[in-house]
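I have placed the structure first, in the form of structure tokens, so that the comments after it can refer back to it.
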Amino acid sequence: MKHYKIKIEKDVPAKMRDGITLYADVYRPDTDGEFPVLLTRLPYSKIFGLHFLRPDVLAENGYIVVVQDVRGRYTSEGEFVPYINEAKDGYDTVEWAARLPQANGKVGMFGLSYYGYTQLLAAMAEPPSLKVIVPTMSQNNMTDVFNDHDGALELGAWSSWSIESILPDMITRHITDTEEREAVMKQLEKDLDNLEEWYKFKPINAWPPIKNTGAMPYFTEILDYPLDHPHWQDTSVKDNYDKVKTPGLHIGGWYDCFLDKTIANFLGGHRQGLGDKLVIGPWTHGNFVSMIGDRDFGVAAGSWGEASMHARHLEWFNHWLKGELLPHTAPIQIFTMGINKWQGAKNWPLEDTNFTPLYFHSDGKANTRNGDGFADFKRPKMAEPSDVFAYDPENPVVSHGGGTLHKAIQADGPRDQRDLELREDILCYTTAPLTEELEVTGPVEVVLWAKTDAVNTDFTAKLIDVLPDGTAYNLTEGIIRASKQHGAKVQNGLHKYTINLWSTSNVFLKGHAIRVEISSSNFPRFDANPNTGASFIDTTESVIANQMIFHDAEHPSHILLPIIK
């Protein structure tokens, strides 16, 4: 493939339909001729904010590459409110980019996380020049991501993203007095160093690290929006997949905070026959190496490193924007942990999936990994004593690994859970060591029969791979806020709760065991439930909840595993 010398234009203006001007850096081949355009729109600075793709490398391969600061960020005009302007601005920018000098009228988009979602929101607006997208580890709406993860607030993600990624530029833009701005920035540095303690502050809507700056009023405003507020509807792709007619290469990770959204985004196009593809590795958010958390997944896991990431993007763009053939691969490529290999599939869930319940059992003392809880594939045939634990919102279970997106307690990915499993407020149900390999690939959920004496509470679950030496690696996890499924009729009632653990792909090797943890908190990934019927978003009071988990013939609590035949 021919490689071009490039030239760069800085701060190229693009006027939006309402008169606001956004600024971009434009990388282009330094030669005559017309080229397709690759566009990314991000809030993290067009100079410093690209994490995994280099615009110069893309331009060298025969593209005009546009890197734009979104509205209200860095060089661009206007006020920044997350996502609210990205559909209209995305449409306008795509059509502006298609008319740039030497552009041939065809535009593709790329980017990760927020600037993965700017692609989908632009596609939802249906600009005629947008031909292809690569949303990597991307959202599909805001409520599920932050405010309503099955009823809970993703506290760690919302707070740390706001304070670390967004707030500094907001301070620079909104505090004009030099001395005052310097003082605020120094305090911000101290707050970032003490973020682990700040997560415990309540009420959340008065969070001092942000509230005291006065530079980000939307932080608390958005927390107070009801779920039917127009803001959420205007920024939701999940409810508008029929408008997304642009083929996408969707890249995700089993330990990414947007895993289920990435899968949903792929299915939105796959079901329409648009030619979408899906790639899921064992990765955390924006991290494509082989060493993830406490586990080394080998050379195959790191095969999407920087050089390969550019090559895979270029294959995709060259097909849709230059008419070149794509390498023949299945539409779905997933990395299966345990055996640490890639496999291809045509559909999701996999066509040979057998959803199988693994039932919980005990003699009433499943607390801690040393308790008497166990799991097997035999449905309970008689009465079994329930397990009980007390959930104290002032002493929640600490997040350890998983699909986290919060700083300070940034232990994401697979982590050894054994120390946590000594807590009395964690129930453990573990199989006997397996006598043969067992592949679990697909969506996972826990069906839990439970009773609480609280007005409202949470139940959490984790799926664990237990090695022969006892090391216990988390695979996937979930939460349900009781009122989300049963409204106000929670207290002292025996209810069936469904906890969505999203998806995974793992072979439990011979000699390993399958464990399920049940508790009521996972903090600060999720806000702690005060058990009062209110929320720590705007209150400080809490009470201890006494929880009962049932697993008898009439109430067979279990995890539903997608076992591959």
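Scanning the range 61-78 for residues that are open to solvent by 10 Å² or more (accessible area, probe 1.4 Å) and among the β-branched types (Val, Ile, Thr) turns up just one, 75. The condition of being more than 32 Å from the chain's Cα centre (by Cα), at pLDDT 95 or above and part of a loop (DSSP other than H, G, I, E, B) holds for only one of 4, 74, that being 4. Taking the numbered list (1) under 20 Å from the mean Cα position of the chain (by Cα); (2) more than 23 Å from residue 476 (Cα to Cα); (3) at pLDDT below 95; (4) not β-branched (Val, Ile, Thr) in turn, residue 328 passes all entries but (1). For the range 181-193, the set of residues classified as open to solvent by 20 Å² or more (accessible area, probe 1.4 Å), within 28 Å of residue 400 (Cβ to Cβ) and free of Cβ contacts under 8 Å to residues at least 40 places away in the same chain consists of 189, 190, 193, listed by residue number. Taken as a whole, the structure places residue 247 among residues that are touching a Leu at 6+ places or on another chain (Cβ under 9 Å) and surrounded by 14 or more Cβ atoms within 10 Å (Cβ to Cβ). For the range 534-559, a residue qualifies if it is of a type outside the set (A, V, I, L, M), buried (at least 17 other Cβ atoms within 10 Å of the Cβ) and assigned to a loop (DSSP other than H, G, I, E, B), and the qualifying residues are 535, 536, 542, 555, 557. Scanning the range 271-287 for residues that are surrounded by fewer than 24 Cβ atoms within 10 Å (Cβ to Cβ), touching a residue at least 24 places away in the same chain (Cβ under 8 Å) and not charged (D, E, K, R) returns 272, 274, 275, 278, 279, 285, 286, 287. Restricting the range 496-526 to residues that are assigned to a loop (DSSP other than H, G, I, E, B) and more than 23 Å from the chain's Cα centre (by Cα) leaves a set whose member that is nearest to residue 537 (Cα to Cα) is 512.
Here's the yes/no breakdown for (1) surrounded by fewer than 23 Cβ atoms within 10 Å (Cβ to Cβ); (2) of a type in the set (Gly, Ala, Ser); (3) modelled with pLDDT under 95:
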residue	(1), (2), (3)
39	no, no, no
53	yes, no, yes
59	no, yes, no
107	no, no, no
110	no, no, no
136	no, no, no
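With respect to residue 239, determine if the residue is surrounded by fewer than 22 Cβ atoms within 10 Å (Cβ to Cβ), modelled with pLDDT of 90 or more, over 24 Å from residue 405 (Cα atoms) and within 20 Å of the chain's Cα centre (by Cα). So residue 239 passes the test. Looking at the range 379-476, the strands (runs of 3 or more DSSP E) lying wholly inside it that each contain 3 or more residues that are within 28 Å of residue 264 (Cα to Cα) sit at 438-452, 458-466. A search for C-beta distances below 6 Å between a residue of the range 422-437 that is within 17 Å of residue 367 (Cα to Cα) and touching a residue at least 12 places away in the same chain (Cβ under 8 Å) and any residue that is of a type in the set (Ser, Thr, Tyr) and in a strand (DSSP E or B), counting only pairs 6+ apart in sequence or on different chains, returns 425/391; 425/519; 426/519.
Scanning the range 279-289 for residues that are in contact with a Leu (Cβ under 8 Å, 6 or more places away or on another chain) and either modelled with pLDDT of 95 or more or on the phi > 0 side of the Ramachandran plot (or both) yields 279, 280, 286. The residues on offer are 360, 317, and the sole one that is open to solvent by less than 30 Å² (accessible area, probe 1.4 Å), over 22 Å from residue 138 (Cα atoms) and not in a loop (DSSP other than H, G, I, E, B) is 360.
Of the residues in the range 10-17, at least one is modelled with pLDDT of 95 or more and either within 24 Å of residue 142 (Cα to Cα) or not in a strand (DSSP E or B) (or both). Taken residue by residue, the range 387-407 has no member that is open to solvent by 10 Å² or more (accessible area, probe 1.4 Å), more than 25 Å from residue 530 (Cβ to Cβ), modelled with pLDDT of 95 or more and among the acidic types (Asp, Glu).
The values are calculated or read from the model by the stated rules, or taken from the named source; none is laboratory data. No experiment lies behind these values; they were computed from the predicted model shown. Methodologically, a virtual Cβ is constructed for each residue, glycine included, from the backbone with ideal geometry; neighbour enumeration extends over all protein chains shown. What goes into the accessible areas is simple: the full protein's heavy atoms, side chains included, and nothing from ligands, DNA or RNA. Shrake-Rupley method; radii C 1.70, N 1.55, O 1.52, S 1.80 Å.
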